[in-house]
Structures are given as structure tokens and as C-alpha cells.
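Take a look at the structure set out below.
The values are calculated or read from the model by the stated rules, or taken from the named source; none is laboratory data. Just so you know, these numbers come straight off a predicted model, no measurement behind them. Reconstructed Cβ throughout: ideal geometry from the backbone, glycine too, with neighbour counts over all protein chains shown. When the accessible area is computed, the model is the full protein with side chains, heavy atoms only, and any ligands, DNA or RNA have been set aside. Shrake-Rupley method; radii C 1.70, N 1.55, O 1.52, S 1.80 Å.
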Amino acid sequence: MKAKIHVYLKPGVLDPQGAAVAGALHNMGYDEVASVRQGKLIELDLTGDDVEAARVRVDEMCAKLLSNPVIESYSIELE
Amino acid sequence: MKAKIHVYLKPGVLDPQGAAVAGALHNMGYDEVASVRQGKLIELDLTGDDVEAARVRVDEMCAKLLSNPVIESYSIELE
Amino acid sequence: MKSAVIVFPGSNCDRDAHDAIQGVTGTAPAMVWHQETALPEGTQFVMIPGGFSYGDYLRCGAMASHSAIMPAIIAHAATGAPILGVCNGFQILTECGLLPGALMRNAQLKFICEETPITVANTNTRFTSRYTPNAKLMIPIAHHDGNYFADTETLIRIENEGQVVFRYGANPNGSANDIAGLVNEQGNVLGMMPHPERAVDAKHGGTDGLALFESLLGSA
Amino acid sequence: MDYAENITAEIVKEHGLSTDEYQVILDRMGRAPNLVELGIFSVMWSEHCSYKSSRLHLGKLPTKGEKVIQGPGENAGVIDIGDGQAAIFKMESHNHPSYIEPYQGAATGVGGILRDVFTMGARPIALMNALRFGAPDHAKTRQLVDGVVAGIGGYGNCVGVPTVGGETNFHAGYNGNILVNAMAVGLADADKIFYARGAQPGQPIVYVGSKTGRDGIHGATMASAEFDDDSAEKRPTVQVGDPFTEKKLIEACLELMATDAIAAIQDMGAAGLTSSSVEMADKGGIGIELDMDKVPQRETNMSTYEMMLSESQERMLVIMKPGREDVAMRIFEKWELDVAVIGQTTDSKRMVLTHKGETVCDIPIAPLADDAPKYDRPWHAPEVRAQITASDVAKPAHMGEILLKLMGSPDMASKAWIWSQYDRHVMADTVASSQDPSDAAIVRIHGTNKALAITTDCTPRYCQADPFEGGKQAVAEAWRNLTAAGADPIAITDCLNFGNPERREIMGQFVGCIDGMAEACAKLDFPVVSGNVSLYNETNGAAIPPTPAIGGVGLIPDIDKCGQFGGLQEGDILLLVGE
Ligand SMILES: Nc1ncnc2c1ncn2[C@@H]1O[C@H](COP(=O)(O)OP(=O)(O)O)[C@@H](O)[C@H]1O
């Protein structure tokens with residue numbers, strides 16, 4: 001089983017990396033880019049096949065380690 | 001329009017981040033985690049509404065700036 | 001004063017911390033490996049040094065904050081004992097919840113190593129009692145992720161409580177309210193990005209960090 | 001010509017071996033090599049590993065001196081700095097990889113040079129870097145500078161070794177071929193130095209560090225191959241560095257070295273497992289047997305060919321004293337590094353590899369190492385540019401303007417943008433670094449009042465105008481910089497960056513620079529104790545300016561008496577010393 005986790009900055013938290021990327025894209029002439037947010041993508045390969053149990057465990061991993069609740073939110077996709 | 005870009009390391013390229021996260025998860029008792037890959041998630045807010053034109057442009061941005069073709073691949077979702 | 005320096009895989013200012021503590025207190029600190037589950041008997045002061053624990057690959061300090069030694073450090077903090085986290089140590093203290101807020105990537109996205117002017121915003125702590133109020137210090141910074149963030153509510157609270165202990169003179173990294181270092185509510189846990197242990201020797205980076213260790217010694 | 005099954009003349013050529021070289025292989029082996037054996041010959045006989053074009057001339061450099069403990073031939077040079085201590089240092093290039101992937105190329109360059117130094121038992125205490133980029137307005141320069149500097153900082157900062165100095169030049173001659181030369185200096189007890197030699201038959205071979213992946217296969221051959229426009233196609237050969245693992249490897253190796261369990265040790269540089277095992281076997285006069293199934297692997301179904309040619313980073317090969325494997329196991333497991341016993345030494349003087357129960361390689365060691373081809377490449381002395389005397393040049397109307405122009409030129413302008421991204425203070429012994437008014441970086445010897453002064457120098461412009469004088473000047477400048485910092489100059493390392501040695505005029509530059517260096521080293525009693533040669537630095541036939549970078553090390557007996565050029569005040573007296 002695979003878990004795909006998206007970790008992104010909460011709205012309201014300044015994203016300097018995103019801003020820098022937006023600036024670079026504008027310099028390159030991509031004026032259609034209104035804004036950029038940058039996040040992390042974490043893919044886990046999991047043993048076992050109980051999807052619901054996995055969801056609980058992965059949620060725990062996210063809350064404890066993979067994201068920082070002060071600045072980040074996350075979403076989980078299992079497949 | 002929003003473009004979601006996933007940038008990930010090409011298969012076979014060493015992923016020290018992923019390896020370190022896997023180690024930490026094991027130390028925390030998450031033994032079901034067989035392996036971890038870490039990538040980037042870049043979200044663009046785009047003006048305009050021609051999806052096909054946007055796809056071409058975003059693909060160009062990925063090839064030129066947002067990914068490092070030497071070690072990374074990317075995928076694009078438009079919504 | 002009996003002290004301990006915590007060593008994680010990837011710590012790299014552990015020797016600097018050891019030498020600074022030994023120089024000021026006259027006693028070598030115990031070097032405690034992250035897989036230990038208890039601090040040495042009688043430990044008073046604990047320092048979490050700078051470096052790149054676990055490569056800082058996920059978020060700075062995130063993985064270290066889950067290592068075996070952390071529960072002992074959190075329990076030690078609860079007894080009111082002094083704990084100092086510098087640079088990566090500061091990041092670890094915010095990640096484990098002993099200090100509020102988070103340290104994000106520097107605003108200009110680059111690693112910065114420079115001597116930085118900072119001012120002492122609060123001398124009423126056991127870490128800063130030997131400084132004069134508003135003293136201006138030069139202490140080196142060396143980090144990629146020192147951009148202090150906390151939500152507005154938290155910022156107001158820590159400002160009102162006088163928890164901000166050091167402020168940058170010329171904000172090098174985008175930190176909220178120019179915060180370079182802060183203590184917890186009880187005042188016994190200090191996290192700071194500048195490296196006081198690199199400022200205890202005139203030959204190396206000046207001596208403006210000495211009084212921090214002397215304050216601690218005086219308070220023990 | 002005799003070929004093994006599935007091997008063709010074309011495959012031999014792709015391995016960078018000439019027809020003559022292939023004939024020598026046939027003669028030495030007494031049969032046609034299989035693919036694994038061909039791969040091993042190809043990396044060992046690459047310019048990078050065999051120094052086949054340069055060895056003859058390198059022999060002219062003085063390498064001995066009262067303070068030299070170990071000259072060229074080991075992982076790094078070793079000098080005596082008194083009180084039972086030794087300084088260990090070397091400089092190395094990572095030019096081609098850095099052009100292709102600036103961040104990772106530069107980062108792994110730093111990682112490689114650090115391993116050369118701690119392999120010998122030294123704790124690394126300082127890093128330096130000598131960089132040459134193309135013209136500032138060239139399309140690629142900005143991105144290359146950005147990536148290289150971030151890569152050097154990213155690696156050095158994380159392992160916690162201060163980057164204390166360096167030099168940076170910009171010149172259109174490097175537009176298509178930048179130079180990234182990194183230098184590391186370490187400190188050890190003079191009686192606790194570890195060598196690649198020293199292994200005896202019947203000892204276990206232990207692999208430690210990261211797992212082996214399919215990184216940089218053919219990398220060693222790439223580092224010696226001239227660039228052309230489809231070099232972009234060779235991209236996946238770039239390796240990714242992991243400074244966190246390197247930091248653990250440093251600590252674990254130093255911990256292992258404090259025991260008495262090591263017979264010989266060697267880092268896995270270019271052509272990792274191949275060159276490290278061949279070098280230890282050659283220097284010990286022994287044979288080596290490896291069981292490829294035991295090699296820690298990152299990917300599935302790796303072939304022997306891939307494992308032997310992989311350039312995965314952060315790996316070391318240790319030959320242990322018999323029965324002491326457990327010591328290594330315990331220490332490396334504590335540091336959470338991969339570790340495995342993968343073979344043993346023998347008295348056969350051959351390298352024998354088995355994989356899945358079959359012998360897949362059986363070659364004599366000698367022709368791979370000491371007995372590798374060595375060429376006396378034809379050369380002619382390049383035309384020396386005529387000297388200009390001051391009276392030939394019209395006096396500028398406005399000296400002030402000229403001064404401003406000079407100060408604003410890219411080579412003279414402040415390099416703070418670069419060095420402010422490097423941690424210069426970690427380890428708490430930096431006395432003078434890039435930020436300070438000092439001609440050399442000064443790093444205190446921990447716990448003493450002594451210090452090492454370190455400098456890197458070369459003025460490629462001079463070498464281009466007159467290789468002999470340029471080579472001489474680079475050594476003399478290093479010597480002067482150390483002296484000006486108050487140090488007694490002791491020895492140098494070098495990194496000789498040139499174009500294609502098969503062209504006579506390039507070979508002529510190389511020979512000229514070496515001759516000049518040799519003369520200066522001899523006159524100044526300033527021996528060469530280690531170094532590196534990087535040839536084929538050219539793009540589409542245009543060679544870089546000849547760039548023999550010199551890294552000098554000296555000893556400051558008392559840091560209270562080191563010299564700096566800051567703090568001038570009105571009324572101070574300036575003295576001009578020299579001619
Ligand atoms: N690539 C680099 N890495 C670290 N320090 C550098 C680098 N390039 C230049 N510097 C530092 O910047 C300062 C000025 O360099 P440079 O202009 O080459 O002057 P100098 O002729 O005194 O060596 C020196 O202190 C040097 O160490």
C-alpha cells in the first residue's frame with residue numbers, strides 16, 4: 001500500500017520559497033502566474049493491507065512527525 | 001486555474017531525506033513503513049482559462065525552473 | 001554546576017558547547033548520546049547544541065525532538081532546571097513544544113553566517129542576569145532556518161510576558177518581531193539562534209557570549 | 001583482436017580504451033576480459049585513476065622535506081607540526097560534475113575531499129575552495145555560481161567543518177567548463193595515522209557507509225572525457241551527496257580508529273569499490289576476494305559491473321585485523337550506518353569477485369595499479385607572451401577611475417556573497433577566515449596556542465602568458481600568503497586543471513607549469529605532499545586557461561603573533577619589502 005502525504009503551509013504563514021519561485025517565474029516572463037505555494041510530498045510504502053488501520057497510523061505519523069502543526073497542514077491519500 | 005506540480009527524484013537517485021525520515025519513523029515504532037520518498041509539491045495560481053495552453057506553459061516552467069532534470073521528474077495536474 | 005550536552009547524530013557544535021561550558025564553569029559537561037533515556041545523576045544545566053540533527057532533512061529539529069532522550073529533557077524542564085538550545089537546539093525545543101512558535105527558512109532562502117548585533121531584551125532571566133539592560137552584543141549566527149514564526153496571539157502573549165530575551169539589531173532572516181531568542185513561560189528554557197558558545201574567546205568570535213554562561217553559573 | 005562473448009571493438013572503445021591499451025590487457029590477462037573485467041580496467045586506466053598522462057612529469061616535483069611524514073601516493077599528504085601532531089591535507093577537483101549539476105557536483109566534491117582526509121585518521125578542521133567560473137554575463141554563470149556555492153555550503157555546513165577561505169575568478173575561458181577545487185585539512189596524532197597500505201593476507205574486508213546504488217556508473221570515465229554538446233545526455237551519472245551520513249561516517253571512523261582493529265583503510269572515491277580495493281591490495285602486495293552478494297545494495301538486481309563501477313557517495317572500505325570485525329560492527333551499528341563483511345584478503349595478488357556462486361572476475365592486481373599505462377605525451381612549449389614594461393603603456397589620465405575600475409572588476413570585488421553562506425566558525429577555532437584582513441585563513445590547533453595558516457592560490461592569467469613563470473608564481477604566492485600571516489610555510493597540495501593532454505600545446509602548458517612549480521618548491525623548500533590532476537577540461541576544443549591551483553599550509557607557533565593587514569591608521573609607516 002502507498003500513502004501520499006501532502007504537507008503545506010497554513011494559510012497566513014508567509015511562504016518565502018513560494019514567493020521566490022513566483023518572482024523567478026515572473027522574471028522569465030510567465031506573467032500568468034498569480035501566486036505560488038510550495039509544499040512537501042511524502043510517499044510511504046506500507047506493508048499490510050488494512051486501509052482503515054493504515055489511515056489511522058499515517059494520520060498519527062503526520063501529526064507527530066511529518067508535519068508541524070504550528071505552521072503546516074497535511075492531507076493523506078491512500079492507494 | 002490551479003496547477004499542482006509534483007516534483008520527485010528519479011528512480012535510482014539517492015534520497016537521503018526519505019531515508020532519514022524512514023529511519024525516524026522506525027525508531028518511533030512505525031515498522032510498517034517499508035520506504036519513504038520525499039518530493040516537492042508546487043501549487044501555481046494561474047490567470048486565464050485555456051487549460052491546454054496552460055499545460056504547455058506549465059510544462060515549460062517545470063522543465064526550465066521548477067525541476068532539476070538531472071535528478072528529478074515531475075507530473076502536472078490542472079484543475 | 002553539573003551540566004550535560006546532548007549529542008544527536010548530526011550535532012556539530014557539541015564540542016564548542018562542551019568547551020564553552022567547561023571554560024566558564026570549570027567542570028566538563030557530560031556528553032549524552034541521544035539514545036540514552038535518562039540524564040546523568042545530578043545534572044543541573046542541559047544544553048542542546050547546534051548542528052544538523054538527522055541531517056535536518058524533514059524539518060530542522062523534527063526528528064531529534066522524537067529521540068529517546070527527549071522525554072528525560074522535557075521532564076527535567078518541568079523541574080525548573082535551566083535548559084539552553086542554540087540554533088538547531090532552539091529548533092528542537094520548538095519542535096518538541098518546550099518553546100512556542102517555529103523556525104522557518106530564512107527570508108532570503110540562504111544560509112547566513114555572520115557576526116550579528118543583538119540586544120538583550122530581558123535581563124531578568126537566569127541566562128541573562130549578568131548583562132546590562134539593552135546591552136548590545138555581537139554574536140555569530142550560522143543557520144538556514146532561523147526565521148522565527150508564531151501566530152499573532154502567541155506573539156502578543158510572549159511579548160507581554162517578557163519572554164523575548166534577545167532581539168536582532170538588523171534582522172538577518174525575517175524573524176517576527178526581530179526575535180533572536182526567547183524563554184518559556186517559566187523562564188527556565190531558553191532557545192536562541194545566535195551562538196553564544198562561539199563568543200567566549202577573543203581569538204575566535206569575541207566574548208559577548210561569556211556573560212550568558214556566567215549568569216547561569218551564578219544562578220545555580 | 002580477441003574478444004570475450006558479447007564484447008565488441010565498439011564496447012571496448014566506449015570504455016575509453018584504445019586498441020593498444022586493449023592489446024596490453026590481453027597480454028597481461030592471457031585471455032580476453034569479460035564485461036566486468038573490462039569495466040574495471042577502464043576505470044583504473046582512466047586518466048582520473050591512473051594519471052597516465054601526468055605521472056611522468058609529476059615525478060619532477062619535490063616531495064620530501066624534514067617535516068614531511070607522508071608525501072603523494074596515499075589518500076592525502078601528512079606533515080609534522082610538532083608536539084606529536086600532524087596536519088593532513090589534500091585538494092581535489094570536481095569540475096565536470098559541478099558543471100552538469102552544480103549543487104550536487106560541488107557538494108560531493110566537498111564530501112570526497114573530506115573522506116580523503118579522515119580516512120587517514122585525521123579529524124577535518126578546515127575546508128577551502130578554489131572556484132573558476134565563466135564570464136559574469138555568460139548565460140550559465142549566475143546559475144552555476146549559485147548552485148556551486150549552495151552545494152559547498154550545504155555539505156560543509158552540515159558536516160560541521162568550517163569553510164575558512166578560498167578564491168574565485170571569472171573568465172570567459174571557463175564558460176563551458178568551470179573549475180571547482182576543494183581542499184580539506186585535518187589534524188591527527190603523528191603516531192596514529194592510517195594508510196591504504198598495511199593489509200596482509202587473511203584479513204576480513206569490511207564495507208561501511210551508505211548502500212551502493214546505480215549512481216555515477218561511468219562517472220570515473222566521464223571525469224576524464226572531454227565535454228561536447230550532448231554532455232547533457234550523460235546527466236544521470238551525477239551522484240547525490242548525503243552530508244548527514246558523512247558526518248556519522250567521520251565520527252564512526254574516528255571512533256573505530258581509536259581502537260586497534262584496523263589494518264588498512266581507504267575511502268571509495270571515483271570508481272568506488274574498484275579503486276579502493278585495488279589500491280589497498282596493490283599497496284599491501286596482496287590479493288583480494290569479494291563476495292558481491294554481501295555488498296549492501298540500494299537497488300534490486302544490481303550486477304557486479306554496476307556495483308564495482310558505482311560512485312555512490314559516503315562509503316569506505318576497511319581491512320580489519322583478523323577476528324576484530326565485531327569492533328567495527330558495533331561502532332557502525334551505533335551510528336546507524338550500513339556495515340558488512342564482504343570478503344577477505346589473500347596472497348594471490350589477484351582480484352577475484354564472486355556473485356551468485358560464480359566467479360565473475362579474476363584479474364592480476366599489478367596491471368590495474370602500479371603497472372598501469374604511463375605515457376610520455378608529445379608536447380611543445382607554448383608561445384610565451386612578450387613581457388610588457390610599464391613604459392610601454394600610456395599613463396592613465398585618471399588614476400582614481402582606474403582604481404575604481406580595478407576594485408569593481410569581478411575578480412577583485414567582494415566575495416562576501418559567497419563566503420557568508422559558509423559556516424566559518426564551527427569548531428570554535430577559526431582565528432581568521434574569508435571575512436578577516438588576512439592573506440591566509442588561520443585555524444587554531446585545538447587546545448593549543450598554535451595555529452595552521454591555509455591558503456589557495458593561482459593566477460591562471462599568468463600561467464596562460466607563460467606556464468613556467470605562472471607555475472612558479474602560484475607556489476611563490478602561496479608561500480608569501482602564509483608568511484604574511486605569520487606562518488612558517490611547510491608544504492603544499494595542488495590541483496592541476498588543464499585541457500586535453502593529447503594536444504601538444506596543452507601538454508606543453510602542463511609541463512611548463514610543473515617545471516615552474518618544481519623550481520619554486522625546490523628553492524623555497526616547500527614540498528608537494530598531495531595533489532590531483534584534472535585533464536580534458538575543454539568544451540568543443542576550447543581549453544580552459546591552465547590552472548594549477550596551489551593549496552599551501554604553514555604553522556603559526558604562537559597565534560598572538562600572527563600577521564593581518566587590517567587596522568591601518570593614519571600615520572602608520574608603510575614599508576615595501578622585496579624587489
Ligand atoms: N570561494 C571562496 N570561498 C571562501 N572564501 C573565498 C572564496 N573566494 C574568495 N574568498 C575569500 O574572499 C576574500 C577575498 O578573496 P580574493 O579577492 O581572492 O582576495 P585575496 O587575493 O586576498 O585572496 C579572501 O579572504 C578569500 O578567502
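Give the accessible surface of chain D per residue, rounded to a whole number of Å², with probe radius 1.4 Å and ligands, DNA and RNA excluded. Walk me through the numbers on the way to the answer.
Numbers: 22110 Å² over 579 residues.
Heavy-atom SASA per residue in chain D reads 38 Å².
Out of the stretch C:118-220, which trypsin sites (Lys or Arg not before Pro) are coil in DSSP terms and have no more than 15 other C-beta atoms within 10 Å? Walk me through the numbers before you get to the answer.
Values: sites: C:ARG126, C:ARG130, C:LYS136, C:ARG157, C:ARG167, C:ARG198, C:LYS203; in loops: C:ARG126, C:ARG130, C:LYS203.
For trypsin sites (Lys or Arg not before Pro) across the stretch C:118-220 that sit outside H, G, I, E and B with at most 15 neighbouring Cβ atoms in 10 Å, the list is empty.
Rounding to the nearest 20 debye, state how big the charge dipole of the stretch D:297-344 is about its Cα centre with +1 on each Lys and Arg Cβ and -1 on each Asp and Glu Cβ.
On the way: 6 positive and 9 negative charges, 55 e Å.
Charge dipole of the stretch D:297-344: 260 debye, to the nearest 20.
Expressed as a whole percentage, what fraction of the accessible surface of the stretch A:2-78 belongs to carbon and sulfur atoms when a 1.4 Å probe is rolled over the protein heavy atoms? List each step's numbers first, then the result.
Numbers: 1920 of 3530 Å².
On the stretch A:2-78, the fraction of accessible area on carbon and sulfur atoms equals 54 percent.
Taking 7 Å along the Cα-to-C-beta vector as the label spot, tell me the D:ASN449-C:ALA68 distance in nanometres, rounded to one decimal.
4.4 nm
If chain D were replaced by its equivalent ellipsoid, with semi-axes equal to the square roots of 5 times the Cα gyration tensor eigenvalues, what would those be, largest first, whole Å? Mind showing how you got there, number by number?
Numbers: eigenvalues 305, 160, 90 Å².
Equivalent-ellipsoid dimensions as semi-axes: 39, 28, 21 Å.
Buried accessible area between C and A (1.4 Å probe, both chains summed, ligands and nucleic acids excluded), in Å² to the nearest 100? Intermediate values should be presented prior to the final figure.
On the way: alone 9310 and 5640 Å², together 13740 Å².
Roughly 1200 Å² of accessible surface disappears when C and A pair.
Provide the buried accessible surface between chains D and B in square angstrom, both chains summed, 1.4 Å probe, rounded to the nearest 100.
Working: alone 23720 and 5590 Å², together 28370 Å².
The contact between B and D buries close to 900 Å².
With N denoting the number of residues in the stretch C:1-132, provide Rg(C-alpha) divided by 2.2 N^0.38 Å, to two decimal places. Walk me through the intermediate numbers first.
Working: Rg = 14.8 Å, N = 132, 2.2 N^0.38 = 14.1 Å.
For the stretch C:1-132, the normalised Cα radius of gyration is 1.05.
I need the calculated FRET efficiency for the pair D:THR359 and D:SER303, taking r as the beta carbon distance and R₀ as 22 Å, to the nearest 0.05. Display every interim value, and only then the final one.
Values: r = 14 Å, r/R0 = 0.66.
Working from the Cβ atoms, E equals 0.90.
What is the stretch B:2-78's relative contact order, in percent, from Cα pairs under 8 angstrom and six or more apart in sequence? Walk me through the numbers on the way to the answer.
Numbers: 88 pairs, mean separation 40.2, N = 77.
About 52 percent, as a whole number.
Out of all DSSP beta bridges in the protein assembly as shown, what portion is antiparallel? Express it as a percent rounded to 5. Walk me through the numbers before you get to the answer.
Values: 135 of 169 bridges.
The antiparallel proportion sits near 80 percent.
Could you compute Rg(Cα) / (2.2 N^0.38 Å) for the stretch B:2-78, with N its residue count?
Values: Rg = 15.8 Å, N = 77, 2.2 N^0.38 = 11.5 Å.
Output field value: 1.38.
Give the angle, between 0 and 90 degrees and rounded to the nearest 10, that separates the Cα long axis of helix D:102-118 from the longest principal axis of the Cα atoms of chain D.
That works out to roughly 80 degrees.
Could you work out the percent of alpha carbon pairs in the protein assembly as shown separated by over 49 Å, rounded to a whole number?
Working: 101375 of 457446 pairs.
For the protein assembly as shown, the share of Cα pairs beyond 49 Å comes to 22 percent.
Could you please state, rounded to a whole Å, how far the C-alpha centre of the stretch D:509-578 is from the C-alpha centre of the stretch C:15-62?
40 Å
Once you list every other residue whose beta carbon is under 11 Å from the beta carbon of D:PHE468, what net charge do they have if Lys and Arg are +1 and Asp and Glu are -1? Before the final figure, lay out each step's value.
Working: positive: D:LYS472; negative: D:ASP466, D:GLU469, D:ASP515, D:GLU519.
So the surrounding residues net to -3.
How high is the relative contact order of the stretch C:107-220, in percent, with contacts defined as C-alpha pairs under 8 Å that are six or more residues apart?
30 percent
So, with +1 on the Cβ of K and R and -1 on the Cβ of D and E, and no other charges, what is the size of the charge dipole of chain B about its Cα centre, to the nearest 20 debye? Write down the numbers at each step before the final one.
Values: 8 positive and 13 negative charges, 60 e Å.
Dipole size: approximately 280 debye.
Determine the total buried accessible area between chain C and chain D, counting protein heavy atoms only with a 1.4 Å probe; round to the nearest 100 Å².
Between C and D, the summed buried area is about 2500 Å².
Per-residue HN-Hα couplings for the stretch D:76-83, Karplus 6.51 cos²θ - 1.76 cosθ + 1.60 at θ = phi - 60°, whole Hz, x for Gly and Pro?
7, x, 10, 10, 7, 10, x, 6
What nm value, rounded to one decimal, do you get for the distance between D:ALA386 and C:ILE156 when each label is placed 7 Å out toward the C-beta?
8.0 nm
Give me the dipole magnitude in Debye, nearest 20, for the protein assembly as shown about the Cα centre, with unit charges on the beta carbon: positive for Lys and Arg, negative for Asp and Glu. Show your work: numbers first, answer last.
On the way: 77 positive and 124 negative charges, 275 e Å.
Rounded to the nearest 20 debye, it is 1320 debye.
Any chance you could give the angle, 0 to 90 degrees and rounded to 10, that helix D:19-29 forms with the longest Cα principal axis of chain D?
With rounding to tens, the tilt is 50 degrees.
On a straight-distance basis, which aspartates and glutamates could pair with D:LYS561 in a cross-link, Cα separation under 20 angstrom, same-chain partners fewer than 8 positions away excluded?
Correct list for D:LYS561: C:ASP201, D:ASP83, D:ASP429, D:ASP436, D:ASP439, D:ASP488, D:ASP572.
Whole number please: convex hull volume per residue of the Cα set in the stretch D:132-225, in Å³?
On the way: hull volume 18.5 nm³, N = 94.
That works out to 197 Å³ per residue.
Find how many whole Å separate the alpha carbon centroid of the stretch D:367-389 from the alpha carbon centroid of the stretch C:141-220.
Using only Cα atoms, the two centres lie 58 Å from each other.
How large is ³J(HN,Hα) for each residue in the stretch D:501-518, as worked out from phi by the Karplus curve 6.51 cos²θ - 1.76 cosθ + 1.60 (θ = phi - 60°), to whole Hz, x for Gly and Pro?
x, 7, 9, 4, 6, 5, 4, x, 4, 4, 5, x, 4, 4, 4, x, 4, 4
Considering the options D:ASN34, D:TYR174, D:ALA328, tell which one lies farthest towards the positive end of the dipole of chain D, charges being +1 on Lys and Arg and -1 on Asp and Glu at the Cβ, about the Cα centre.
The listed residue farthest towards the positive side: D:ALA328.
To the nearest 10 degrees, how steep is helix D:141-159 against the longest Cα principal axis of chain D, on a 0 to 90 scale?
70 degrees
Once you've got the Cα coordinates, tell me which of D:LYS90/D:LYS248; B:LYS64/D:LYS248; D:LYS283/D:LYS321 are over 26 Å apart. Could the numbers behind the result be given before it?
Values: D:LYS90/D:LYS248 21 Å; B:LYS64/D:LYS248 35 Å; D:LYS283/D:LYS321 16 Å.
Cα-Cα > 26 Å for B:LYS64/D:LYS248; rest within.
Among the listed pairs C:LYS203/D:LYS192; A:LYS40/B:LYS10; A:LYS4/D:LYS294; A:LYS10/B:LYS40; A:LYS2/B:LYS2, which are separated by more than 23 Å between their Cα atoms?
Details: C:LYS203/D:LYS192 29 Å; A:LYS40/B:LYS10 16 Å; A:LYS4/D:LYS294 33 Å; A:LYS10/B:LYS40 16 Å; A:LYS2/B:LYS2 25 Å.
Pairs exceeding the cut-off: C:LYS203/D:LYS192; A:LYS4/D:LYS294; A:LYS2/B:LYS2.
Can you find, among C:GLN108, C:PHE8, C:ALA77, the residue farthest towards the positive end of the dipole of chain C? Put +1 on the C-beta of Lys and Arg, -1 on that of Asp and Glu.
The Cα lying farthest towards the positive end belongs to C:GLN108.
When chain A is turned about an axis onto chain B, which of its residues keeps its C-beta closest to that axis, and how many Å is it?
For the rotation taking chain A to chain B, the closest Cβ gives A:LEU41, 2.
What's the center-to-center distance, using Cα atoms, between the stretch C:68-111 and the stretch D:128-190 in Å?
What the calculation gives is 33 Å, centre to centre.
Determine the percent antiparallel among the DSSP beta bridges restricted to the stretch C:3-217, to the nearest 5.
On the way: 22 of 36 bridges.
Counting DSSP beta bridges with both partners in the stretch C:3-217, the antiparallel share is about 60 percent.
Given contacts defined as C-alpha pairs under 8 Å and at least six residues apart, what's the relative contact order of chain D, whole-number percent? Each step should come with its number before you reach the end.
Values: 1377 pairs, mean separation 111.5, N = 579.
Answer for chain D is 19 percent.
Determine the share of chain D's accessible area contributed by carbon and sulfur atoms, expressed in whole percent, with a 1.4 angstrom probe. Could you put the intermediate results ahead of the total?
Details: 11340 of 22110 Å².
Here it works out to 51 percent.
So what are the stretch C:152-197's ellipsoid semi-axes, whole angstrom, largest first, if each one is the square root of 5 times an eigenvalue of the alpha-carbon gyration tensor? Can you show the working numbers first?
Details: eigenvalues 60, 43, 9 Å².
Whole-Å semi-axes of the equivalent ellipsoid: 17, 15, 7.
Select from C:LEU93, D:GLY109, D:LEU290 the residue farthest towards the positive end of the dipole of the protein assembly as shown; place +1 on Cβ of Lys and Arg, -1 on Cβ of Asp and Glu, and compute about the Cα centre.
C:LEU93
What distance in nm separates the two pseudo spin-label positions at D:GLU10 and B:ALA53, each 7 Å out from Cα along the beta-carbon direction?
Result: 4.7 nm between the two label points.
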